[in-house]
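K.L.:
First the structure, then my questions, so here it is.
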There are 2 protein chains.
Amino acid sequence: MQRWRLATVAGAALIATGAFASDSLQDVMKNRGLSQQDLLAAAKTYVPTGKRDEFVTFSSGGQSGQVIVYGVPSMRILKYVAVFTPEPWQGYGYDENSKAVLKQGRIDGKDITWGDTHHPAISETNGEYDGQFLFINDKANPRIAVIDLRDFETKQIVVNPIFKSEHGGTFVSPNTDYIIEAAQYAAPLENKKFYPLEEFNEKYRGGVTYWKFDRKAGRIDEKKSFSLELPPYSQDLSDFGKGPSDGWSFTNSFCSERYVGGIEKGRPPYEAGCSAKDTDYLHVVNWKRAAELVAAGKAKKINGHDVIMMDTAIKEGILFLIPEPKSPHGVDVTPDGKLLVVAGKLDTHVSVYSFEKIQAAIKAGKFESKDPYGIPVIAMKDALHTQVSLGLGPLHTQYDSKSCVAYTSLYVDSQVAKWNYCEGKVLDKISVHYNIGHLMAMEGDSTKPGGKYLVALNKLAIDRFVPVGPLHPQNHQLIDISGDKMQLLYDMPLPLGEPHYAVSIAANKLKPAVRYKVGTDSRTDEKHPGAVKAGEEKTVKKGNKVEVFGTLIRSHITPETIEVEVGDEVTIHLTNLERAQDETHGFTVSTYNTHASIEPGKTVTVKFKADKEGVYPYYCTEFCSALHLEMQGYLLVKPKGWKPTKTNLAAGNYTEADYKATLKKVADTQAVIDSVVAYITSVNYKDFPEVVAMVDDAFDQLGKTKDLKPKHEAAAAKKDWENANLWAEQIWQYQVKTADLGLRAKTFLEQNGAKKVK
Amino acid sequence: MQRWRLATVAGAALIATGAFASDSLQDVMKNRGLSQQDLLAAAKTYVPTGKRDEFVTFSSGGQSGQVIVYGVPSMRILKYVAVFTPEPWQGYGYDENSKAVLKQGRIDGKDITWGDTHHPAISETNGEYDGQFLFINDKANPRIAVIDLRDFETKQIVVNPIFKSEHGGTFVSPNTDYIIEAAQYAAPLENKKFYPLEEFNEKYRGGVTYWKFDRKAGRIDEKKSFSLELPPYSQDLSDFGKGPSDGWSFTNSFCSERYVGGIEKGRPPYEAGCSAKDTDYLHVVNWKRAAELVAAGKAKKINGHDVIMMDTAIKEGILFLIPEPKSPHGVDVTPDGKLLVVAGKLDTHVSVYSFEKIQAAIKAGKFESKDPYGIPVIAMKDALHTQVSLGLGPLHTQYDSKSCVAYTSLYVDSQVAKWNYCEGKVLDKISVHYNIGHLMAMEGDSTKPGGKYLVALNKLAIDRFVPVGPLHPQNHQLIDISGDKMQLLYDMPLPLGEPHYAVSIAANKLKPAVRYKVGTDSRTDEKHPGAVKAGEEKTVKKGNKVEVFGTLIRSHITPETIEVEVGDEVTIHLTNLERAQDETHGFTVSTYNTHASIEPGKTVTVKFKADKEGVYPYYCTEFCSALHLEMQGYLLVKPKGWKPTKTNLAAGNYTEADYKATLKKVADTQAVIDSVVAYITSVNYKDFPEVVAMVDDAFDQLGKTKDLKPKHEAAAAKKDWENANLWAEQIWQYQVKTADLGLRAKTFLEQNGAKKVK
């Protein structure tokens, strides 16, 4: 039997080899095969330790259902934010507080544990990125999530009430009043309603949803959100107008043929029937007026949601169509809001439409026809500013900080075209590896693009990286757009999911917090009802319900024993009492399939049924201190009615000499701490906020020893050498943490040019 | 009400700013604030497009339950491999084939959907990394996973039959006969057995499991695996002997005090009681002899698993203890197998033990005492080669390719110490940012370490990167160890989970496959029973069970309609018919919570109950071609007993002119293809395996047009212009894919110096 069914890879690998013991730059370049151009690219992308990236990119995580956060120009991934998918590291979907967020995303009463994230959007103020919120959509199970950029956590998921799939979201209006979500594959709008494909034209519908965002609450207001019914063209990407076009939105489409495919029915597949005609339709919507119509009660309720029906939209003059070239993807409004660029994947042109011309045609009532549903169609020639032939497979457009300069991805050519959309001419082209989907310039869809860098979001990279099996990474290539010619700077493998789109913001616009107020439920931003302070920890038993109100601090969990009877429902609330920003603790109980990540100040709840007898260790899952392995405890699940026969824990074999030795160790360590403190206070440490934070934390730790001295002295007075020794030992534990912080502060000061003070 | 409970960040960010329009290296360095040292580091780590990393690192994904794969020296993450946790991108836990792997990891009959991955190990041949398999453990829910490095997929999960937590795995014997997994927190070995903490010394036990690996099968053989009962000391890391010490293994421990903590019982916490004594115990085990004892029937069955009890081990002389300094973490055997280094986190020394001395003591029966369970204890002085004071918090040791040179992480000092273990002297130290756990040199725990680079696995990085909220990334710092002085090269943020340990292998030792034989179940490596070839697709209905045997190829799914009745159990098998290595397709059905990633040749099954009426689009979730959005279909869930009233699909409005226009487009496109083919065949394309693969695939695509010509001609003969036009259109679809590949091949050839041939 031939067990293994994989064909092996053929061909030579292009491996950068060569040893370098020499520190000469020339030797390194020679040994590693670097050209001068490579060195320049390295210098443009390398971020040395202690310095930071200029821009932060939020990329959709594709089929992983997450958001990927990475730095530009270093292209280093900083974080995966859990959104639609359970993520164990963050405890997302494993603790009760995050489960409540995922529960908002249930569809037809069932959990949806995956998502196909597509297009992230950063909240805007006056059309500029403001760095407060991030939104992202799920194509497969039509949903939108709200992520708060103060803590990079998902706060809300809303389910689209009328669609069965979507694609053209999220995009935000210039002041983030609304977030757009456009349908993709047409289906009946009524929930769980079956109509056969033979009634496709009559009963299947597309649409676009305008979600109302309440910035103060930091949440979408579902009740104030509404949709517009659209024909069963497969709606695709959208954009909001801005400046002169503010108040309008644009949504394109493919398969306006309304084709139903099926080889099994003797028909050509969708790909043929959906791309047979040379144009599809751009939908032009007056959304401000639409919102007024909804307020005026002109919407119909479908599945409890306000929908403006096509008839109403046509009658009220808020919906128009314009032909657009073949199977378009992006529709992208220029920074000044005057033009919009459509890229049709099966046409070599980008088409630049003029908002002014569109408005003139509407005002003049100049339409070339109506579509089968009666929607007025503006002639392409009456709306076009210009068309430019760029190459094969134009897909998506982004803007430069330089006036009139745009970049468009060419999927089939595997290139990026730089072109002038005012004058309609090509300026430059660069090859990428390989098929590029979206591209993304820094703040490149805002009213004030940041220029400098462009990222090409290329698909499966077959030969750019060391091979890692049949499933390849994607490749985000960084391109320098600061000069006249584009220059390729960096190949970045994407290790998880196929990101569809990304947005980048200047790093200094982000102001995330470093800790929570003690006792916060981070998913509601409210005080957690299970929060307790140090010394208030308790375990409450009521019938078969056991509720633990516990705390975490380096390096122990309180309580260290949880005793229940088999069958009990166990709820554990844990508050992280730390102030130090890197003192996240994690929590799990062996084989009870639960996990929480508890950052400083946060309170998190985990719940499970103790349905099997036995002894189950729990522990802190973060490497939080030198004694992190000792941050442990036991869940004891006793048989029903079990009664103890032995009531004392085994005593350790400690003597007065042990106690004395520990006291000496404590005194010695204090001397080390004193010397570190002497150094720190001898320099201008107060000029370094990082050090001030570490010093605060160090004294916080040392302060905890105060209560322990009476304890070891009292035990010693009773000649209880075990407790005397161990309480003294606990002082040493805090001293070690103090010394750890002090040494880290000292190193930082030495490396960052601290100066002596008087 | 103050809704937001986060404290905001204080202090100035260290942001690298400055524009660069100039291409002068000096200008770039000045604008970006780079020193000469920074430039050198950039040159040492930058991997230009088209070149590849020298080493591949497999890092545990920590609490994310995955494995992280990244390149060295670029530190770019290449892949996340799903192991213990469902991962939607890979369909892991979302398709039936991968669910079968996760099911092996069930504990007490229940799914465990998270894992705390700790220590990866690469399979070895004669003590050298061979790049065939990767193993990793789950601390929280004691399990081991087997990943096959031919396709980077998890093939097997085994559950430890007697532990409730573990830490000291995975480590492999020099020929990968056995994989070690050592317990962590002591508990009763019998499953679901409760004993109170008051019986800790008597009833709680530690242990170490030796998993038998069947390399030919590529799976662990659970029946041939066994464990050794150990005292309730918290066992920690382990290592196998090699060379002279082959046949022996070493496992250290902490909390040999056997302390039970609990402030709620008026006792100091575990952290104090577990670190009160100055030494813990290194366990020394003759595992080859242990395996013989098991074969001889001297093991006891516990939970159906062979366990050598302590009494037997003592009687047979296969188990010994040696004191080791305080709360050790790593025990690391030197490349020559003669020495072993123990780092105790609460002692400033590393302790180097001599295997020869240990054997001499055992042979001579020279023991200083017995532990409370009767295990002979060898005196530290009788086993020590040397001790070296390195600094605060020594934790883990790795080896250089240079003789006698070792590197040890210092957690509290946040440093790496380079030292000579033969002569016992410190050679160099370097500061890292910040608290370092494990460290890892290239192939640094094999018999032939690779030298060159070292990675410091540092914990939560508070100030190295742009802040991303209260939960910080970790920081893997790359250090150049090729010279006498260590040099810091690169800061790499870890975006997901806290990796505990990592292993690196020379990239050229990995030989992953690029595709599967058509119809493979990748989780069993066998032919998938649901696989079909092109043209064999079918849907089989039996009662309320619907089974679909479908295929995927650019850009359509066969079938494009699946019709079922509400309540039907739907099983869909999908075979990816592609040969191109980047033509992975994905599959999902709207709101039915399922996803599959189907690489070329793979067959995957998804299953769900169609429990709600309505129309649910399905689609390919990968950006697989310019027409990927059109790779769609509909699941129609009909009411029970529903009968159609209309049997024809709406006709498109196509004319003979449309058909003629499409035929012209087909001819024009063929001309483009011919010109590309002319170029490719005019150069030495056969010297480029990547291009040969693309050309093969291009002709593969073009070949599919052959069957379509008769179809459009037959329709045209019947004046069925719709089908005539659309079948011709389908030819064009294949042409576009052919052109796409051809252009990509052309670009590759132009950029890689292809030469004209006659």
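K.L.:
Just subtract the alpha-carbon distance of B:Asp336 and B:Asp278 from 0.36 nm times their residue separation and send over the number in nm, one decimal.
P.N.:
Taking 0.36 nm per residue and subtracting the Cα distance, the gain is 17.9 nm.
K.L.:
Count the lysine pairs in the range B:520-638 whose Cα atoms sit under 12 Å apart, keeping only pairs 8 or more residues apart in sequence or on different chains.
P.N.:
5
K.L.:
Right, here's the next one. If you take every DSSP beta bridge fully contained in the range B:520-638, what fraction is antiparallel? Give it as a percent rounded to 5.
P.N.:
65 percent
K.L.:
Further, regarding this structure: Got a sec? Which residues in the range A:221-252 would a label at A:Asn175 touch, if it sits 7 Å along Cα→Cβ and we count backbone N under 16 Å?
P.N.:
From the range A:221-252, the list is A:241-248.
K.L.:
While we're looking at this one, here's another question. Can you figure out the FRET efficiency of B:Glu526 with A:Asp611, using R₀ = 51 Å and their beta-carbon distance, to the nearest 0.05?
P.N.:
The value I calculate is 0.90.
K.L.:
Within 10 Å of each Cβ of B:179-188, how many other protein chain Cβ atoms are there on average?
P.N.:
Mean shielding by partner chains, rounded to a whole number: 3.
K.L.:
Pull up the cross-link candidates among the lysines for A:Lys711, meaning alpha carbon to alpha carbon under 16 Å and not fewer than 8 places away within one chain.
P.N.:
Straight-line reach from A:Lys711, under 16 Å: A:Lys660, A:Lys719, B:Lys265.
K.L.:
Would you tell me which residue of chain A has the beta carbon closest to the rotation axis bringing chain A onto chain B, and how many whole Å away it is?
P.N.:
That would be A:Ala42, 2.
K.L.:
Every cysteine in chain B with no other Cys Cβ under 4.7 Å from its Cβ, please list them in numeric order.
P.N.:
Among the cysteines of chain B, those whose Cβ sits 4.7 Å or more from every other are B:Cys620, B:Cys624.
K.L.:
Put a dot 7 Å past each Cα toward the Cβ at A:Ala717 and A:Thr125; how far apart are the dots in nm?
P.N.:
6.0 nm
K.L.:
To continue, here is another question. Taking neighbour Cβ counts within 10 Å as the exposure measure, how do A:Asp116, A:Asp336 sort from fewest upward?
P.N.:
Ranking A:Asp116, A:Asp336 by Cβ neighbours within 10 Å, fewest first, gives A:Asp336, A:Asp116.
K.L.:
Answer with one residue from A:Phe748, A:Thr669, A:Ala728: the one whose Cα lies farthest towards the positive end of the charge dipole of the range A:656-751, charges on Cβ with Lys, Arg +1 and Asp, Glu -1.
P.N.:
A:Ala728
K.L.:
Then there is this: Please list, or write none, the lysines whose alpha carbon is within less than 16 Å of the alpha carbon of A:Lys509, excluding same-chain residues fewer than 8 places away.
P.N.:
The reachable lysines, counting only those whose Cα sits under 16 Å from A:Lys509, are A:Lys448.
K.L.:
Could you calculate the FRET efficiency of B:Lys533 with B:Lys298 from 1/(1 + (r/R0)^6), where r is the beta carbon distance between them and R0 is 60 Å, rounded to 0.05?
P.N.:
0.65
K.L.:
Fewest to most neighbouring Cβ within 10 Å: what's the order for A:Asp382, B:Asp53, B:Asp668, A:Asp27?
P.N.:
So the ranking, lowest neighbour count to highest, is B:Asp668, A:Asp27, A:Asp382, B:Asp53.
K.L.:
Moving on. In nm to one decimal, list the spacings between the A:Pro710 label point and its equivalents in the other copies, with label points set 7 Å along Cα to Cβ, shortest first.
P.N.:
Those label-point separations list as 9.7 nm.
K.L.:
On to the next question. List the distances, in nm to one decimal, from the label point of B:Gln37 to the label points of the same position in every other copy, shortest first, placing each label point 7 Å from Cα along the Cα-to-Cβ direction.
P.N.:
3.2
K.L.:
With the Cα gyration tensor of the protein assembly as shown giving a ≥ b ≥ c as the square roots of its eigenvalues, does the rule (a/c under 1.5 for rounded; else a/b larger than b/c for prolate; else oblate) give rounded, prolate or oblate?
P.N.:
Prolate.
K.L.:
OK, next. Considering only the label points, 7 Å along Cα→Cβ from Cα, what distances in nm to one decimal separate B:Lys533 from the same position in each other copy, shortest first?
P.N.:
Result for B:Lys533, in nm, nearest copy first: 7.7.
K.L.:
At a Förster radius of 60 Å, what calculated FRET efficiency corresponds to the Cβ-Cβ distance of A:Lys545 and B:Lys542, to the nearest 0.05?
P.N.:
0.80
K.L.:
Run the numbers for A:Lys643 and A:Lys511: contour at 0.36 nm per residue of separation, minus the present Cα-Cα distance, in nm.
P.N.:
42.0 nm
K.L.:
Whole angstrom only: what separates the Cα centroid of the range A:695-730 from the Cα centroid of the range B:674-732?
P.N.:
Between the Cα centre of the range A:695-730 and that of the range B:674-732, the gap is 81 Å.
FYI, it's all coordinate maths here, none of it is from the lab. As the structure is a prediction and not an experimental result, all values here were calculated from the model. For neighbour counting, all protein chains shown are included, and Cβ atoms are generated from backbone atoms with ideal geometry for every residue, glycine included.
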